[in-house]
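Here's the structure, in C-alpha coordinates; my notes come after.
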Amino acid sequence: MGEPSEPHGPRVRRRSRAPLGLPGRALRRDLSQLVCAVAGLLLGLLTPLVDAGPQVASDRVVSMLFTIGFGVISLASIIYSMLFLVVQFSASTFTPRLGLFRDEPIVWRAFAFTVGVFVFCITSALAVGARPEVSAAVPCAAMILTLVALALMRTLQMRAFASIQLGHVLSAIVDRAHHVFDALYERPYGGGAPPGPGPRAPTATAPAITVHWTGAAAVLQRIEVTALVRAAADHGGSVAFRVAPGVTLTRGAAIAEVTAGGAAEAALRTALGRALVTGVERTFDQDPELPLRLLADIALRALSPAVNDPATAVEALDRVEDLLARLVGRELDVGGFRDDAGRLRVTVPVPDWERYVRTAVDDVGYAAAGSAMVLRRLRDLLLRLARYAPASRRAVLEERLRWVERAGGGAFPLVWTPPPDG
(Lines give C-alpha, C1' and ligand atoms only; values in the text may rest on other atoms or scores of the structure.)
Protein backbone atom coordinates (compact mmCIF):
# COMPACT_ATOMS: atom_id res chain seq x y z
CA MET A 1 0.00 0.00 0.00
CA GLY A 2 1.38 3.38 -0.94
CA GLU A 3 1.05 6.81 0.53
CA PRO A 4 -2.29 8.64 0.42
CA SER A 5 -2.98 10.76 -2.59
CA GLU A 6 -3.16 14.52 -2.57
CA PRO A 7 -6.10 16.15 -0.80
CA HIS A 8 -8.01 16.50 -4.04
CA GLY A 9 -9.93 13.28 -4.70
CA PRO A 10 -11.77 11.96 -7.69
CA ARG A 11 -14.59 14.09 -8.99
CA VAL A 12 -17.69 11.93 -9.08
CA ARG A 13 -21.00 12.88 -10.59
CA ARG A 14 -23.90 11.88 -8.41
CA ARG A 15 -25.92 10.85 -11.41
CA SER A 16 -26.97 7.35 -12.26
CA ARG A 17 -25.68 5.91 -15.50
CA ALA A 18 -26.58 2.60 -17.07
CA PRO A 19 -23.98 0.10 -18.30
CA LEU A 20 -22.59 0.09 -21.82
CA GLY A 21 -23.09 3.82 -22.17
CA LEU A 22 -26.87 3.67 -22.28
CA PRO A 23 -28.71 6.67 -20.84
CA GLY A 24 -29.63 6.40 -17.19
CA ARG A 25 -33.11 5.88 -15.83
CA ALA A 26 -33.57 9.55 -14.96
CA LEU A 27 -32.54 10.61 -18.47
CA ARG A 28 -34.89 8.10 -20.10
CA ARG A 29 -37.72 9.33 -17.89
CA ASP A 30 -37.16 12.95 -18.88
CA LEU A 31 -36.79 12.07 -22.56
CA SER A 32 -40.03 10.10 -22.55
CA GLN A 33 -41.93 13.09 -21.19
CA LEU A 34 -40.33 15.38 -23.74
CA VAL A 35 -41.11 12.99 -26.61
CA CYS A 36 -44.75 12.62 -25.56
CA ALA A 37 -45.13 16.38 -25.16
CA VAL A 38 -43.67 17.05 -28.62
CA ALA A 39 -45.83 14.31 -30.13
CA GLY A 40 -48.92 15.80 -28.49
CA LEU A 41 -47.99 19.24 -29.79
CA LEU A 42 -47.54 18.04 -33.38
CA LEU A 43 -50.67 15.92 -33.30
CA GLY A 44 -52.63 18.84 -31.83
CA LEU A 45 -51.50 21.12 -34.66
CA LEU A 46 -52.10 18.63 -37.48
CA THR A 47 -55.36 16.95 -36.46
CA PRO A 48 -57.55 20.11 -36.78
CA LEU A 49 -56.34 20.46 -40.38
CA VAL A 50 -58.17 17.26 -41.36
CA ASP A 51 -61.31 18.10 -43.35
CA ALA A 52 -62.53 14.59 -44.16
CA GLY A 53 -65.53 13.05 -42.45
CA PRO A 54 -68.41 14.63 -40.57
CA GLN A 55 -68.05 18.11 -39.15
CA VAL A 56 -68.77 19.23 -35.57
CA ALA A 57 -69.37 22.70 -34.17
CA SER A 58 -65.98 24.01 -33.09
CA ASP A 59 -67.21 25.75 -29.90
CA ARG A 60 -68.44 22.44 -28.49
CA VAL A 61 -65.17 20.73 -29.46
CA VAL A 62 -63.07 23.44 -27.83
CA SER A 63 -65.03 23.14 -24.56
CA MET A 64 -64.61 19.35 -24.63
CA LEU A 65 -60.89 19.56 -25.32
CA PHE A 66 -60.21 21.96 -22.48
CA THR A 67 -62.30 19.82 -20.13
CA ILE A 68 -60.50 16.61 -21.11
CA GLY A 69 -57.05 18.18 -21.03
CA PHE A 70 -57.29 19.72 -17.57
CA GLY A 71 -59.34 16.78 -16.26
CA VAL A 72 -56.76 14.18 -17.31
CA ILE A 73 -53.78 16.08 -15.91
CA SER A 74 -55.63 16.80 -12.65
CA LEU A 75 -56.63 13.13 -12.29
CA ALA A 76 -53.04 12.04 -12.91
CA SER A 77 -51.72 14.47 -10.31
CA ILE A 78 -54.14 13.23 -7.68
CA ILE A 79 -53.46 9.56 -8.46
CA TYR A 80 -49.70 10.02 -8.35
CA SER A 81 -49.85 11.96 -5.09
CA MET A 82 -51.97 9.29 -3.43
CA LEU A 83 -50.00 6.39 -4.86
CA PHE A 84 -46.61 7.61 -3.76
CA LEU A 85 -47.92 8.38 -0.27
CA VAL A 86 -49.66 5.01 0.16
CA VAL A 87 -46.98 2.91 -1.54
CA GLN A 88 -44.11 4.53 0.38
CA PHE A 89 -45.91 4.05 3.68
CA SER A 90 -46.82 0.45 2.89
CA ALA A 91 -43.37 -0.43 1.56
CA SER A 92 -41.81 0.80 4.79
CA THR A 93 -43.71 -1.95 6.60
CA PHE A 94 -41.40 -4.40 4.80
CA THR A 95 -38.16 -2.40 4.75
CA PRO A 96 -37.44 1.31 4.20
CA ARG A 97 -34.85 0.36 1.57
CA LEU A 98 -37.48 -1.03 -0.78
CA GLY A 99 -38.02 1.12 -3.90
CA LEU A 100 -39.33 -1.38 -6.42
CA PHE A 101 -42.53 0.46 -7.36
CA ARG A 102 -40.72 3.76 -7.87
CA ASP A 103 -38.43 2.12 -10.43
CA GLU A 104 -41.26 0.52 -12.44
CA PRO A 105 -41.27 1.83 -16.05
CA ILE A 106 -45.08 2.13 -16.00
CA VAL A 107 -44.76 4.92 -13.40
CA TRP A 108 -43.03 7.42 -15.66
CA ARG A 109 -44.45 6.10 -18.93
CA ALA A 110 -48.03 6.63 -17.77
CA PHE A 111 -47.23 10.17 -16.62
CA ALA A 112 -45.40 10.93 -19.88
CA PHE A 113 -48.40 9.76 -21.92
CA THR A 114 -50.74 11.86 -19.76
CA VAL A 115 -48.58 14.92 -20.43
CA GLY A 116 -48.86 14.17 -24.15
CA VAL A 117 -52.66 13.96 -23.94
CA PHE A 118 -52.81 17.26 -22.06
CA VAL A 119 -50.60 19.01 -24.63
CA PHE A 120 -52.65 17.56 -27.49
CA CYS A 121 -55.96 18.74 -26.04
CA ILE A 122 -54.79 22.27 -25.30
CA THR A 123 -53.00 22.63 -28.64
CA SER A 124 -55.99 21.31 -30.59
CA ALA A 125 -58.36 23.65 -28.77
CA LEU A 126 -56.17 26.64 -29.65
CA ALA A 127 -55.64 25.45 -33.22
CA VAL A 128 -59.35 25.21 -33.90
CA GLY A 129 -59.53 28.97 -33.39
CA ALA A 130 -62.52 30.81 -34.78
CA ARG A 131 -63.41 28.14 -37.32
CA PRO A 132 -67.16 27.44 -37.24
CA GLU A 133 -66.73 23.69 -37.71
CA VAL A 134 -64.01 21.11 -37.31
CA SER A 135 -63.67 17.49 -38.33
CA ALA A 136 -64.97 14.86 -35.93
CA ALA A 137 -61.46 13.35 -36.05
CA VAL A 138 -60.36 15.89 -33.41
CA PRO A 139 -62.80 14.86 -30.62
CA CYS A 140 -62.44 11.19 -31.62
CA ALA A 141 -58.65 11.40 -31.28
CA ALA A 142 -59.03 13.11 -27.90
CA MET A 143 -61.37 10.38 -26.67
CA ILE A 144 -59.08 7.58 -27.85
CA LEU A 145 -56.03 9.15 -26.22
CA THR A 146 -58.01 9.68 -23.02
CA LEU A 147 -59.09 6.03 -22.91
CA VAL A 148 -55.48 4.93 -23.38
CA ALA A 149 -54.37 7.25 -20.57
CA LEU A 150 -57.08 5.84 -18.29
CA ALA A 151 -55.95 2.30 -19.14
CA LEU A 152 -52.40 3.20 -18.21
CA MET A 153 -53.65 4.71 -14.96
CA ARG A 154 -55.52 1.52 -14.14
CA THR A 155 -52.42 -0.53 -14.88
CA LEU A 156 -50.44 1.80 -12.65
CA GLN A 157 -52.93 1.39 -9.80
CA MET A 158 -52.91 -2.40 -10.10
CA ARG A 159 -49.12 -2.42 -10.13
CA ALA A 160 -49.10 -0.21 -7.04
CA PHE A 161 -51.56 -2.52 -5.30
CA ALA A 162 -49.38 -5.51 -6.11
CA SER A 163 -46.28 -3.71 -4.85
CA ILE A 164 -47.65 -3.58 -1.31
CA GLN A 165 -48.44 -7.31 -1.22
CA LEU A 166 -45.88 -9.52 0.50
CA GLY A 167 -45.79 -12.23 -2.16
CA HIS A 168 -45.27 -9.75 -4.98
CA VAL A 169 -42.52 -7.92 -3.10
CA LEU A 170 -40.64 -11.12 -2.36
CA SER A 171 -41.00 -12.33 -5.95
CA ALA A 172 -39.83 -9.00 -7.34
CA ILE A 173 -36.71 -9.06 -5.16
CA VAL A 174 -35.92 -12.63 -6.18
CA ASP A 175 -36.47 -11.92 -9.88
CA ARG A 176 -34.01 -9.03 -9.79
CA ALA A 177 -31.57 -11.16 -7.83
CA HIS A 178 -31.74 -13.89 -10.47
CA HIS A 179 -30.96 -11.34 -13.15
CA VAL A 180 -27.96 -10.01 -11.24
CA PHE A 181 -26.64 -13.47 -10.32
CA ASP A 182 -26.95 -14.79 -13.86
CA ALA A 183 -25.05 -11.79 -15.19
CA LEU A 184 -22.24 -11.97 -12.61
CA TYR A 185 -21.79 -15.65 -11.87
CA GLU A 186 -21.69 -17.54 -15.14
CA ARG A 187 -19.14 -20.24 -14.25
CA PRO A 188 -19.87 -23.25 -12.02
CA TYR A 189 -17.92 -23.59 -8.80
CA GLY A 190 -14.70 -25.53 -9.25
CA GLY A 191 -14.21 -26.52 -5.59
CA GLY A 192 -11.04 -26.19 -3.62
CA ALA A 193 -10.23 -23.74 -0.87
CA PRO A 194 -12.57 -20.80 -0.36
CA PRO A 195 -11.37 -17.69 -2.15
CA GLY A 196 -9.66 -14.91 -0.25
CA PRO A 197 -10.69 -11.29 -0.20
CA GLY A 198 -10.38 -11.09 -3.98
CA PRO A 199 -7.75 -10.94 -6.70
CA ARG A 200 -5.15 -8.22 -6.49
CA ALA A 201 -3.77 -6.18 -9.31
CA PRO A 202 -0.37 -7.33 -10.57
CA THR A 203 2.67 -5.82 -8.97
CA ALA A 204 4.44 -3.11 -10.92
CA THR A 205 7.59 -1.02 -10.62
CA ALA A 206 5.61 2.13 -9.79
CA PRO A 207 4.35 2.42 -6.19
CA ALA A 208 0.66 2.03 -5.48
CA ILE A 209 -1.06 5.32 -4.62
CA THR A 210 -4.09 5.13 -2.36
CA VAL A 211 -6.97 7.32 -3.54
CA HIS A 212 -9.29 8.62 -0.83
CA TRP A 213 -12.87 9.88 -0.97
CA THR A 214 -13.10 13.61 -0.36
CA GLY A 215 -16.74 14.33 -1.12
CA ALA A 216 -19.85 14.15 1.02
CA ALA A 217 -21.10 10.79 2.24
CA ALA A 218 -22.63 8.82 -0.64
CA VAL A 219 -23.42 5.25 -1.63
CA LEU A 220 -21.27 3.72 -4.34
CA GLN A 221 -23.86 2.43 -6.80
CA ARG A 222 -21.84 1.45 -9.86
CA ILE A 223 -18.32 1.14 -11.18
CA GLU A 224 -17.96 1.62 -14.93
CA VAL A 225 -15.51 -1.25 -15.19
CA THR A 226 -15.25 -1.41 -18.98
CA ALA A 227 -14.16 2.22 -19.33
CA LEU A 228 -11.78 1.90 -16.38
CA VAL A 229 -10.12 -1.22 -17.79
CA ARG A 230 -9.62 0.58 -21.08
CA ALA A 231 -8.09 3.60 -19.33
CA ALA A 232 -5.79 1.40 -17.22
CA ALA A 233 -4.58 -0.41 -20.33
CA ASP A 234 -3.98 2.86 -22.18
CA HIS A 235 -1.88 4.23 -19.32
CA GLY A 236 -0.13 0.98 -18.47
CA GLY A 237 -1.45 0.89 -14.91
CA SER A 238 -3.91 -0.95 -12.72
CA VAL A 239 -6.62 -0.16 -10.17
CA ALA A 240 -7.30 -2.29 -7.10
CA PHE A 241 -10.55 -1.21 -5.46
CA ARG A 242 -10.88 -1.44 -1.72
CA VAL A 243 -14.62 -0.83 -1.75
CA ALA A 244 -17.43 -2.47 -3.69
CA PRO A 245 -20.80 -1.20 -4.95
CA GLY A 246 -23.23 -0.92 -2.06
CA VAL A 247 -20.70 0.59 0.36
CA THR A 248 -21.28 4.05 1.82
CA LEU A 249 -18.30 6.28 1.09
CA THR A 250 -17.36 8.69 3.86
CA ARG A 251 -14.83 11.49 3.76
CA GLY A 252 -11.31 10.09 3.97
CA ALA A 253 -12.28 6.51 3.14
CA ALA A 254 -9.79 4.66 0.94
CA ILE A 255 -11.38 3.92 -2.44
CA ALA A 256 -8.69 2.19 -4.45
CA GLU A 257 -4.98 1.76 -5.02
CA VAL A 258 -3.79 3.12 -8.36
CA THR A 259 -0.57 1.82 -9.87
CA ALA A 260 0.84 3.91 -12.70
CA GLY A 261 4.00 5.84 -13.27
CA GLY A 262 4.59 9.50 -14.05
CA ALA A 263 1.88 11.54 -15.72
CA ALA A 264 -0.20 8.39 -16.27
CA GLU A 265 -1.02 8.35 -12.57
CA ALA A 266 -3.01 11.60 -12.70
CA ALA A 267 -4.80 10.50 -15.88
CA LEU A 268 -5.72 7.15 -14.35
CA ARG A 269 -6.98 8.83 -11.19
CA THR A 270 -9.16 11.06 -13.34
CA ALA A 271 -10.53 7.99 -15.13
CA LEU A 272 -11.19 6.41 -11.74
CA GLY A 273 -13.29 9.39 -10.68
CA ARG A 274 -15.33 9.22 -13.87
CA ALA A 275 -15.93 5.50 -13.40
CA LEU A 276 -17.59 5.92 -10.00
CA VAL A 277 -21.35 6.46 -9.92
CA THR A 278 -22.74 7.38 -6.51
CA GLY A 279 -26.16 8.14 -5.13
CA VAL A 280 -28.21 8.15 -1.95
CA GLU A 281 -29.17 4.46 -1.83
CA ARG A 282 -28.07 1.01 -2.91
CA THR A 283 -29.21 -0.36 -6.27
CA PHE A 284 -29.42 -3.83 -7.77
CA ASP A 285 -27.13 -3.10 -10.74
CA GLN A 286 -23.79 -4.22 -9.29
CA ASP A 287 -24.76 -5.08 -5.71
CA PRO A 288 -25.52 -8.83 -5.57
CA GLU A 289 -25.69 -8.76 -1.76
CA LEU A 290 -28.61 -6.30 -1.75
CA PRO A 291 -31.40 -8.88 -2.47
CA LEU A 292 -30.34 -11.01 0.49
CA ARG A 293 -30.08 -7.88 2.64
CA LEU A 294 -33.64 -6.89 1.73
CA LEU A 295 -35.02 -10.36 2.44
CA ALA A 296 -33.22 -10.46 5.77
CA ASP A 297 -34.58 -7.00 6.61
CA ILE A 298 -38.14 -8.14 5.88
CA ALA A 299 -37.67 -11.17 8.12
CA LEU A 300 -36.11 -9.08 10.89
CA ARG A 301 -38.95 -6.57 10.85
CA ALA A 302 -41.49 -9.40 10.95
CA LEU A 303 -39.71 -10.85 14.00
CA SER A 304 -39.60 -7.54 15.87
CA PRO A 305 -41.76 -7.38 19.04
CA ALA A 306 -43.87 -4.62 17.48
CA VAL A 307 -44.88 -6.82 14.52
CA ASN A 308 -44.44 -10.40 15.80
CA ASP A 309 -45.25 -12.10 12.49
CA PRO A 310 -43.08 -15.23 12.23
CA ALA A 311 -45.01 -16.52 9.21
CA THR A 312 -43.75 -13.55 7.15
CA ALA A 313 -40.20 -14.35 8.28
CA VAL A 314 -40.69 -17.94 7.10
CA GLU A 315 -41.82 -16.73 3.67
CA ALA A 316 -38.75 -14.51 3.44
CA LEU A 317 -36.54 -17.50 4.34
CA ASP A 318 -38.18 -19.48 1.54
CA ARG A 319 -36.83 -16.92 -0.92
CA VAL A 320 -33.48 -16.76 0.88
CA GLU A 321 -33.06 -20.47 0.34
CA ASP A 322 -33.82 -20.05 -3.35
CA LEU A 323 -31.10 -17.42 -3.73
CA LEU A 324 -28.49 -19.28 -1.69
CA ALA A 325 -29.22 -22.46 -3.65
CA ARG A 326 -28.57 -20.50 -6.82
CA LEU A 327 -25.23 -19.27 -5.48
CA VAL A 328 -23.89 -22.39 -3.80
CA GLY A 329 -22.86 -24.02 -7.07
CA ARG A 330 -21.48 -20.89 -8.77
CA GLU A 331 -17.98 -19.46 -8.88
CA LEU A 332 -18.19 -16.28 -6.81
CA ASP A 333 -14.62 -15.04 -7.24
CA VAL A 334 -15.35 -12.76 -10.21
CA GLY A 335 -13.68 -9.54 -9.11
CA GLY A 336 -10.81 -9.49 -11.62
CA PHE A 337 -11.11 -7.69 -14.97
CA ARG A 338 -8.51 -8.01 -17.72
CA ASP A 339 -7.71 -6.09 -20.87
CA ASP A 340 -7.58 -7.52 -24.38
CA ALA A 341 -4.01 -8.70 -23.81
CA GLY A 342 -5.05 -10.72 -20.76
CA ARG A 343 -3.40 -8.49 -18.16
CA LEU A 344 -5.28 -7.91 -14.92
CA ARG A 345 -6.17 -4.21 -14.85
CA VAL A 346 -9.02 -3.72 -12.38
CA THR A 347 -9.95 -5.68 -9.27
CA VAL A 348 -13.09 -5.20 -7.19
CA PRO A 349 -13.77 -6.94 -3.85
CA VAL A 350 -16.77 -9.23 -4.19
CA PRO A 351 -18.77 -11.13 -1.54
CA ASP A 352 -17.68 -14.71 -0.94
CA TRP A 353 -19.89 -17.62 0.10
CA GLU A 354 -19.50 -16.98 3.83
CA ARG A 355 -20.43 -13.32 3.37
CA TYR A 356 -23.64 -14.27 1.58
CA VAL A 357 -24.61 -16.80 4.24
CA ARG A 358 -23.79 -14.35 7.03
CA THR A 359 -25.94 -11.62 5.48
CA ALA A 360 -28.88 -13.92 4.82
CA VAL A 361 -28.92 -16.05 7.96
CA ASP A 362 -27.04 -14.72 10.98
CA ASP A 363 -29.16 -11.72 11.99
CA VAL A 364 -32.38 -13.60 11.32
CA GLY A 365 -31.17 -16.55 13.39
CA TYR A 366 -30.46 -14.41 16.44
CA ALA A 367 -33.76 -12.56 16.10
CA ALA A 368 -35.63 -15.87 15.74
CA ALA A 369 -34.31 -17.30 19.01
CA GLY A 370 -37.82 -17.00 20.47
CA SER A 371 -39.72 -18.49 17.51
CA ALA A 372 -39.81 -22.26 17.04
CA MET A 373 -41.45 -21.84 13.62
CA VAL A 374 -38.66 -19.69 12.21
CA LEU A 375 -35.89 -21.77 13.80
CA ARG A 376 -37.30 -24.93 12.23
CA ARG A 377 -37.47 -23.24 8.83
CA LEU A 378 -33.93 -21.99 9.25
CA ARG A 379 -32.78 -25.50 10.17
CA ASP A 380 -34.43 -26.97 7.08
CA LEU A 381 -32.81 -24.29 4.92
CA LEU A 382 -29.33 -25.06 6.25
CA LEU A 383 -29.84 -28.80 6.08
CA ARG A 384 -30.89 -28.81 2.44
CA LEU A 385 -28.11 -26.46 1.39
CA ALA A 386 -25.48 -28.49 3.25
CA ARG A 387 -26.57 -31.72 1.55
CA TYR A 388 -25.80 -30.60 -1.98
CA ALA A 389 -23.27 -27.83 -1.35
CA PRO A 390 -19.66 -28.44 -2.46
CA ALA A 391 -17.50 -29.85 0.32
CA SER A 392 -15.52 -26.64 0.78
CA ARG A 393 -18.72 -24.66 1.38
CA ARG A 394 -20.39 -26.94 3.90
CA ALA A 395 -18.50 -25.81 7.00
CA VAL A 396 -20.17 -22.39 6.99
CA LEU A 397 -23.60 -24.01 6.84
CA GLU A 398 -22.89 -26.75 9.38
CA GLU A 399 -21.59 -24.24 11.91
CA ARG A 400 -24.85 -22.30 11.78
CA LEU A 401 -26.87 -25.51 11.74
CA ARG A 402 -25.31 -26.58 15.05
CA TRP A 403 -26.19 -23.19 16.53
CA VAL A 404 -29.82 -23.49 15.38
CA GLU A 405 -30.08 -26.98 16.88
CA ARG A 406 -28.76 -25.76 20.22
CA ALA A 407 -31.02 -22.69 20.22
CA GLY A 408 -34.13 -24.62 19.24
CA GLY A 409 -33.53 -27.56 21.52
CA GLY A 410 -32.72 -25.32 24.47
CA ALA A 411 -35.63 -22.91 24.09
CA PHE A 412 -38.32 -25.37 22.97
CA PRO A 413 -37.47 -28.81 24.41
CA LEU A 414 -41.06 -30.04 24.22
CA VAL A 415 -41.77 -29.16 20.60
CA TRP A 416 -38.31 -29.29 19.03
CA THR A 417 -38.18 -32.38 16.82
CA PRO A 418 -35.15 -34.05 15.23
CA PRO A 419 -34.33 -32.92 11.67
CA PRO A 420 -36.06 -34.85 8.89
CA ASP A 421 -34.10 -37.58 7.11
CA GLY A 422 -33.28 -37.61 3.43
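Observations on the model:
- Cα shape, region 78-140, gyration tensor, a/c 1.5 rule: prolate
- Secondary-structure-derived ellipticity at 222 nm for the chain, considering helices only, amounts to -18000 deg cm²/dmol, per-run term -39500 (n - 2.57) for DSSP H runs with n ≥ 4.
- Portion, in percent, of the accessible area of the chain that falls on carbon or sulfur, probe 1.4 Å: 61 percent
- At R0 = 30 Å, FRET efficiency that the Cβ-Cβ distance of Val307 and Leu75 yields, to 0.05: 0.25
- Remark: spin-label model distance Met373-Thr67 equals 5.4 nm, labels positioned 7 Å along the Cα→Cβ axis.
- Under a model in which nothing but the beta-carbon of Lys, Arg (+1) and Asp, Glu (-1) is charged, the chain shows a dipole of about 280 debye around its Cα centre.
- Using only the C-alpha atoms, the convex hull of the chain corresponds to 201 Å³ per residue.
- Overall form of region 199-313 per C-alpha gyration tensor (a/c, 1.5; a/b vs b/c): prolate
- Length gained on full extension, Arg131 to Arg187, computed as 0.36 nm times the residue gap minus the Cα-Cα distance: 13.2 nm.
- Per-bin percent of Cα-Cα distances, region 61-196 [10 Å]: 10, 29, 22, 17, 12, 6, 3, 1, 0
- Solvent-accessible surface of region 250-386, averaged per residue with a 1.4 angstrom probe and all protein chains in place: 37 square angstrom.
- Net charge of neighbours whose Cβ lies under 12 Å from the Cβ of Asp59, counting Lys and Arg as +1 and Asp and Glu as -1: +1
- Span-like helix ranges in the chain, DSSP H, alpha carbon extent 18 angstrom or more, Kyte mean at least 0.5: 25-46, 58-91, 105-128, 137-163, 166-184, 290-303
- Magnitude of the charge dipole for region 271-386, about its Cα centre and with charges confined to Cβ atoms of Lys, Arg (+1) and Asp, Glu (-1), is about 120 debye.
- Added length on full extension, which subtracts the Cα-Cα distance from 0.36 nm per residue, Val86 to Asp175: 29.7 nm
- Leading residue at positive end of dipole, the chain (Cβ point charges), from Ala391, Gln165, Pro96: Pro96
The values are calculated or read from the model by the stated rules, or taken from the named source; none is laboratory data. Given the structure is predicted, the values throughout are model-derived calculations rather than measurements. Note that we place each Cβ from the backbone using ideal geometry, even for glycine, and neighbour counts take in every protein chain shown. The accessibility values were calculated without ligands, DNA or RNA, using every heavy atom of the protein model including side chains. Shrake-Rupley method; radii C 1.70, N 1.55, O 1.52, S 1.80 Å.
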